[in-house]
1. Tabulate in residue order the Karplus-calculated ³J(HN,Hα) for region 51-61, using 6.51 cos²θ - 1.76 cosθ + 1.60 with θ = phi - 60°, rounded to whole Hz; enter x for Gly and Pro.
2. Which value, in Å², gives the accessible area per residue of region 100-144 when a 1.4 Å probe is used on the protein heavy atoms?
3. Could you give the spread of the C-alpha atoms of region 250-319 along their three principal axes, from largest to smallest, in whole angstroms?
4. Assuming a viscosity of 0.692 mPa s and a temperature of 37 °C, what translational diffusion coefficient in µm² per second does Stokes-Einstein assign to region 195-326, Rh being the Kirkwood radius over Cα pairs?
5. So how do 164-173, 76-85 stack up, highest first, on mean other-Cβ count within 10 Å?
6. On a C-alpha basis, how far is the centre of region 141-193 from the centre of region 29-94 in Å? Whole number, if you could?
7. Could you look at region 248-338 and say what percent of its accessible area is carbon and sulfur, using a 1.4 Å probe and all protein chains?
8. In what order, largest first, do Val242, Val73 sit by accessible area if the probe radius is 1.4 Å?
Amino acid sequence: MTAALLGARALPAVTRDAVAGRTVSPEAARDAVAELLDEATEPVDVAAFLTAVAVGGATPVLVAAAVRAVLAVARPVAWTGPAADVVGTGGDGSDSVNISTLAGLVAASAGATVAKAGNRAATSRCGSADLLEALGVDLDAGERIPAQLAEHRFAFLFAPALHPALRRIAPVRRRLGFRTLFNLSGPLANPVPLTGRLIGTATRRDQEVLAEAAALLGHRRTWVVLGADGMDELTTAGPARVIEVDGGDLTEFTVDPAELPLLPAGRAELAGGGPERNAALARQVLAGTAPRPLLDTVLLNAAAVLLLAGVAPDLATAVGIARDAVHAQAPAALTDRLAGQATPAPGPHPAPGTTRAQAPATPAVLADRLARRRTGGAEPAATGSAGRAQGPARPRAPQRGDTPEPAAPAEHLARWGGSAAEPAAAGSAGRARAAGATVGRVRGEAPAPRTTSGAAGARPVRTDSNPEGRHGHASR
């Protein structure tokens, strides 16, 4: 679509509206972002729009429009099975090790299918692409992405390769030197049709804008999280604020790591550096030899991915599954296979001379461990398949055909309000609450008759009824 077809007035008009703080309609936002990505648009107009949105504040409507425009011209990925992503917006200033990338590798080795979107460093010294490159993983899998997801349950989706339209405006974004609309839209613009998302944000405002944009896009099984210490990850430093998106419904709750078998970690214990240092730390995490606070932070995020992917029934069980995978060297073996440095994964039993704890875990082994965790069973003796406890089957991961992702009803997008309420335990928020979480407020629903214990600290995120979701500049 050319700028001439869109009409030359779309981008300047929305730029003026953004500067003035006026409401932008979804149609105007769509046309403006499409024009922004058109090769005929002058760089000065791109810079003016991105600056105006940064000053006026990105809204859910603009973020959703950016996601739709970017996906409309993205390279398609031929994958229709279940897949989850774990990604952060960046900008938390922590310069930490790549927790999201490591959590994705751990979760994939433990049974989830992870389509990890990422790029090179923008707000830190080492982005997910820089880390994986240092670990020997090919960044541009291209047409091999579906095969990698099927074979390894993990694939890296390198943003410049899958979103060529963003390459043209990349020089402008670099010259501007500040975070733009696309830093917020990026975590929602994975070209794989996801069935689960864990998105980290660094501020309450970004968290709320992203959650509402995800609702406008009809996303389901999505957690938008803000760490207790302002990091764009779940951390073990303290309770994390989580907004779960499930179609048009948004639920706020907290995940308290103190209720899980995890050691707290401060920013210093999560500090990273450049690609070489982060790769060295990553190898320790993946092999289970990293300091416990760092390892446990990765396990907490991997557990959330396992929960959202339907691999685990609750967060506590998911932490145990992730820890089992690390103890079994499964993430390290997966990374080696992705880098082409290892033979195919071994069978469900240890090789001669290898202990069960050292043997890389396979899906059969981890499914068996999950079954034992759910039933309280003990580790069976290694006497062959006849002696292995069967237990109940692993919960089936969500399929693309199970629940469509419709556009969110307008009435669900108007406001958050009502008193603290407990969601049904069938949702992932309910499962999280059952192990390490306190439920906060439910958006778009009348309060349930039961009130939540321990939710006294929860408070409404939205108090206005503007369907665009514009937030003021006040820090919350």
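The values are calculated or read from the model by the stated rules, or taken from the named source; none is laboratory data. The model shown is predicted, which means the values in this text are computed figures rather than measured ones. Positions of Cβ are backbone-derived with ideal geometry, glycine not excepted, and every protein chain shown enters the neighbour counts. Ligands, DNA and RNA are stripped out before the accessible areas are found, and what is left, the full protein with its side chains, is counted by its heavy atoms. Shrake-Rupley method; radii C 1.70, N 1.55, O 1.52, S 1.80 Å.
1. Calculated HN-Hα couplings, in order: 5, 4, 5, 5, 6, x, x, 5, 10, x, 5 Hz.
2. Numbers: 1420 Å² over 45 residues.
Per residue, region 100-144 has an accessible area of 32 Å².
3. Extents along the principal axes, in whole Å: 38, 24, 23.
4. Values: Rh = 15.1 Å.
Answer from the Stokes-Einstein relation: 217 µm²/s.
5. In descending order of packing, they fall as 76-85, 164-173.
6. Spelled out, the Cα-based centre of one part sits 11 Å from the other.
7. Values: 1420 of 2640 Å².
Percent of accessible area from carbon and sulfur atoms in region 248-338: 54.
8. My answer, sorted largest first, is Val73, Val242.
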